[in-house]
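Working notes for the structure below.
The values are calculated or read from the model by the stated rules, or taken from the named source; none is laboratory data. Remember, predicted model here, so these are calculated numbers, not experimental data. Cβ placement follows ideal geometry from the backbone for every residue including glycine, while neighbour counts extend to all protein chains displayed. Please note that ligands, DNA and RNA were not included when accessible areas were found on the heavy atoms of the full protein model with its side chains. Shrake-Rupley method; radii C 1.70, N 1.55, O 1.52, S 1.80 Å.
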Amino acid sequence: MKLGNLVKDQWVEGSGDGTLLTSAVSGKPVAAISSEGLDFADMLHHARSVGGANLRRYTFHERGEMLKALAKYLMEHKKEFYALSTETGATRSDSWIDIDGGISTLFVFSGKGRREMPNDHVYLDGPPEYLSRNGTFVAQHICTPKLGAAVHINAFNFPCWGMLEKLAPTLLAGVPAIVKPASSTAYLTELMVRRILDSGILPDGALQLICGSVGDLFDHLNCQDTIAFTGSKNTAEFLQQHPRVVSESVAFTAETDSLNASILGPDAVPGTPEFELYIREVTREMTSKAGQKCTAIRRIIAPASIAGDVVTALSTALGEIRIGNPASKEVDMGALASPGQRDEVRGRVNELSHQAEIVYGGKDEFELVDADADKGCFFMPTLLHCEKPLTSKAVHSVEAFGPVSTVLPYENLDEAIELSRLGEGSLAGSIITNDNAVARELILGTAPYHGRMLVINRHCADESTGHGSPLPHLVHGGPGRAGGGEEMGGVRGVLHYMQRTAVQGSPETLTAIGNRWIRGSDQKRADVHPFRKTFEQIGVGDTLHTDEREITLDDIQHFADFTGDRFYAHTDEEAAARNPFFEGRVAHGYLIVSFAAGLFVDPDFGPVLANYGVDDLRFAKPVNYGDTLKVRLTCKQKTLRTGTGYGEVRWDTEVTNQDDEVVAQYDVLTMVATDEHWASVQ
Ligand code: NAP
């Protein structure tokens, strides 16, 4: 029954009897938990010396592949996770958020890593900065994986997602993790970690697990370690002040409490689709996961004139929620995660009731489906109404982490904004309105207090992911009470586990460091046309200088007639001259780009498979008829698409005129066959 700790790639039981963990539904023992006797300093050492070293051998793309393989493996075992998840009080749809939601986070980060990061060991953050007159001294921000361990401390409500949403960006960054789930639901995290270990996909040391207290772990942290914490504000504050965290400036990200608000727009009166949407959204947020979601709607900010309608409609909707055994298909809402949690929510409702009236729920006795009220941690959805929300502090500061929410009436938009801000920082906020002017005013007024905001109306509701769903693509975190941290948000979330360094030097040096050609760096003249080379044969810096071509008036007229682009600047000498930028008819930008391609391509069948676009196209100077153009094409960056038979090659392209003035600049993007693929098609 005792949960394992994953220590240095071995399962180790903590000493002693441990603390008993019970089912949230039946009250029966599920497991015992103990981390007593673990050598936490040694775990950190193992993570840094074995896990980090192993992970850093792989490129971002290879680690992305690892995440995908892991996601697929966990998908195959999800039945087991669902079965055990019921003991936490979760219904099937609650478990879906936790289990499928967590696994899909791995998939998304895998895709982001392979599409948006290089197939390399260093990530280049932004373009180079040109710092000197002659271009011999430049700078580039780079990100490299931190050399420490990422300590993940998670809350009890999402034992799978909570782990995976932190693990995905951490592993993608190339950093090993030590995961500490909240005790009450740690048995589900432990099961998932067992399956992760069974998969054999992660290298040694990449993942360790502590079930129970973290002991003296914090005493051994150093400046290369990071802490990502999810839980209550009090615990975050306590841990953030740990002397070692302070003295070593250990990076600390906190996701904490949040009194998230949802504002009903003044236009969304009863009878409109938005009013219906609001009632549905609030009901779902209050009851999914039995309200134990850090993003759940706690404050229902509604126009005073229809606050009564909101209370009535919500009370009716909440009355239809069937509470009970989460394993039963008839049940909409399961149990809170533990008896302690239920006591705490009761206490918080009591506190709130001094400033707000309970208008629905709040009873100890209520109907249950297939469950015993004395054994399970069930709690009735409870709605409060606060008449004077601007002067009632508790409704903006007391978080009842369960199916509890308070209606706060407002008189005008300024008041709605003020009420929202009184939450002093939230993870998520939402606005339900079909009036885009209202949406803009409310967003501009409240966004500085939020990490994520959602505007729902009849046009997007069907496809909306909902108020309470953090997404791997989007930032999760919020200011103030929400902890001031930020997780996920695509590649942003990966960079939290990396060190950003501004590297200054010559263009050649920075090209060699970043594997991305920087203007001013040596151009290696290609001995053969670069389009005759395979992916492996092309070198960063390989350059082609083309012949020249004159642009005639006939060319411009022909292009205008052929494409139908008869914009006056290309076809009307007099009108063009009245334009402040031109002296007369000029060449179309797309004609320049087309002629450039005519100058640089090698037409014969070869390893270049396709041109899939251009980036950053700029026309720097007008091209008049009679001008002569030539092109410099330089291999800027190569990205191997492992297993596909090709790689992407980005070409820095510069079109100049007879006076060597740049008239157009852009990156040409091509797909180029690998040696193996090229050999197979010849
Ligand atoms: P908690 O009591 O603060 O616990 C959070 C985590 O911290 C648990 O893993 C807990 O482990 C650990 N912990 C507690 N004391 C510690 C210490 N001295 N040293 C190291 N670790 C320690 O919060 P909770 O009750 O589990 O979670 C509910 C709260 O989390 C709510 O307030 C909710 O708003 C917030 N939450 C926020 C988010 C978010 O994304 N922002 C998500 C979910 C929940 P033990 O369980 O072993 O004590």
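For the stretch 424-476, max minus min Cα coordinate along each principal axis, in Å, sorted largest first?
Projected onto its principal axes, the Cα set of the stretch 424-476 covers 25, 25, 15 Å.
Greater than 19 Å separation of Cα atoms is the criterion. Which listed pairs, Lys289/Lys329; Lys28/Lys166; Lys233/Lys293; Lys68/Lys166, meet it?
Going by Cα-Cα distance, Lys28/Lys166 fall outside the 19 Å limit.
Just want the answer: with Cβ charges of +1 for Lys and Arg and -1 for Asp and Glu, which residue in Val179, Thr312, Gly271 is farthest toward the dipole's positive end in the chain?
Val179
Which value, in debye to the nearest 20, describes the size of the charge dipole of the chain about its Cα centre when Lys and Arg Cβ atoms bear +1, Asp and Glu Cβ atoms bear -1, and nothing else is charged? Mind showing how you got there, number by number?
Details: 63 positive and 91 negative charges, 258 e Å.
The dipole magnitude comes to about 1240 debye.
Can you tell me how much longer the chain between Thr546 and Glu320 gets when fully stretched, taken as 0.36 nm per residue apart minus their C-alpha distance, in nm with one decimal? Please list the in-between numbers first.
Details: separation 226, 0.36 × 226 = 81.36 nm, distance 7.38 nm.
Full-extension gain reported as 74.0 nm.
Given just the C-alpha atoms of the stretch 107-206, how large is their convex hull per residue in cubic angstrom?
Details: hull volume 12.9 nm³, N = 100.
Taking the convex hull of the Cα positions in the stretch 107-206, it is 129 Å³ per residue.
Wrap a convex hull around the Cα atoms of the stretch 260-472, take a quarter of its surface area, and give that in square nanometres. Numbers along the way, then the final one.
On the way: hull surface 45.2 nm².
For the Cα atoms of the stretch 260-472, the hull's average projected area reads 11.3 nm².
With point charges of +1 on the Cβ of Lys and Arg and -1 on the Cβ of Asp and Glu, referenced to the Cα centre of the chain, which listed residue (Phe600, Thr391, Ala168) lies farthest in the positive direction of the dipole?
Ala168
Would you mind checking which residues have amide H under 5 Å from Lys524's amide H? H placed 1.01 Å from N; only 5 or more apart, or other chain.
Asp542, Thr543
Which FRET efficiency, nearest 0.05, do Arg57 and Glu116 yield, Cβ-Cβ r, R0 22 Å? Show your work: numbers first, answer last.
Values: r = 21 Å, r/R0 = 0.97.
It comes out at approximately 0.55.
Under a Cβ-only charge scheme (Lys and Arg +1, Asp and Glu -1), can you give me the dipole magnitude of the stretch 260-472 about the Cα centre, in debye to the nearest 20?
Values: 19 positive and 30 negative charges, 104 e Å.
Here the size comes out at about 500 debye.
Which of Gly52, Leu84, Ala71 sits closest to the plus end of the dipole of the stretch 49-158, meaning its Cα is farthest towards the positive end, when Lys and Arg get +1 and Asp and Glu get -1 on the C-beta?
Gly52
Calculate, in nm to one decimal, what Arg532 and Val614 gain on full extension: separation in residues at 0.36 nm each, minus their alpha carbon distance.
Taking 0.36 nm per residue and subtracting the Cα distance, the gain is 27.5 nm.
Mind ordering 563-571, 670-678 by average Cβ neighbours within 10 Å, highest first?
Details: 563-571: 14.3, 670-678: 19.1.
In descending order of packing, they fall as 670-678, 563-571.
Between Arg492 and Met75, how many nm apart are label points set 7 Å from Cα along the C-beta direction?
My value for the distance between the label points is 2.8 nm.
Provide the percentage of antiparallel DSSP beta bridges, counting only those with both residues in the chain; round to the nearest 5. The partial results should precede the final answer.
Values: 62 of 105 bridges.
If we restrict to bridges inside the chain, about 60 percent are antiparallel.
Computed FRET efficiency, Cβ-Cβ of Asp374 and Leu20, R0 22 Å: what is it to the nearest 0.05? Each step should come with its number before you reach the end.
Working: r = 18 Å, r/R0 = 0.81.
After rounding, the FRET efficiency stands at 0.80.
Can you tell me the mean projection area, over all orientations, of the convex hull of the chain's alpha carbons? Units nm², please.
On the way: hull surface 143.3 nm².
Directional mean of the projected Cα hull area for the chain stands at 35.8 nm².
Per-residue ellipticity at 222 nm for the chain, helices alone: DSSP H runs ≥ 4 residues times -39500 (n - 2.57), over residue total, nearest 500 deg cm²/dmol?
Using -39500 (n - 2.57) per qualifying helix, the result is -9000 deg cm²/dmol.
To the nearest 20 debye, what is the magnitude of the charge dipole of the stretch 620-672 about its Cα centre, counting +1 on the Cβ of each Lys and Arg and -1 on the Cβ of each Asp and Glu?
Here the stretch 620-672 has a charge dipole of around 340 debye.
For the pair Glu365 and Ser328, what calculated FRET efficiency results from E = 1/(1 + (r/R0)^6), where r is the Cβ-Cβ distance and R0 = 30 Å, to the nearest 0.05? All intermediate terms of the calculation are to be shown ahead of the outcome.
Working: r = 20 Å, r/R0 = 0.65.
It comes to 0.95.
Taking the Cα atoms of the stretch 523-681, what is the range of coordinates along each of the three principal axes, in descending order and whole Å?
Taking the Cα atoms of the stretch 523-681, the three principal extents are 57, 30, 25 Å.
Using the Cα atoms of the stretch 151-278 to build a convex hull, what is its mean projected area in square nanometres?
On the way: hull surface 44.5 nm².
Across all orientations, the stretch 151-278 yields a mean hull projection of 11.1 nm².
In nm, what is the difference between 0.36 nm times the number of residues separating Tyr568 and Ile443 and their Cα-Cα distance?
Length gained between Tyr568 and Ile443: 40.8 nm.
Given that compact globular proteins tend to follow 2.2 N^0.38 Å, what is the ratio of the alpha-carbon Rg of the stretch 579-641 to that value?
Numbers: Rg = 15.0 Å, N = 63, 2.2 N^0.38 = 10.6 Å.
Normalised by 2.2 N^0.38 Å, the Cα Rg of the stretch 579-641 equals 1.41.
Could the peptides 510-517, 335-342 be put in order, highest first, of the mean number of other beta-carbon atoms found within 10 Å of their residues?
Details: 510-517: 20.4, 335-342: 22.4.
With the highest mean Cβ count within 10 Å placed first, the list reads 335-342, 510-517.
Say each of Asp267 and Arg280 gets a label point 7 Å from the Cα, pointing the same way as Cα to Cβ; how far apart are those two points in nm?
Result for the modelled spin labels: 1.9 nm.
Enter the accessible area per residue of the chain (Å², integer; probe 1.4 Å; all protein chains in place).
Details: 28560 Å² over 682 residues.
I get 42 Å² per residue for the chain.
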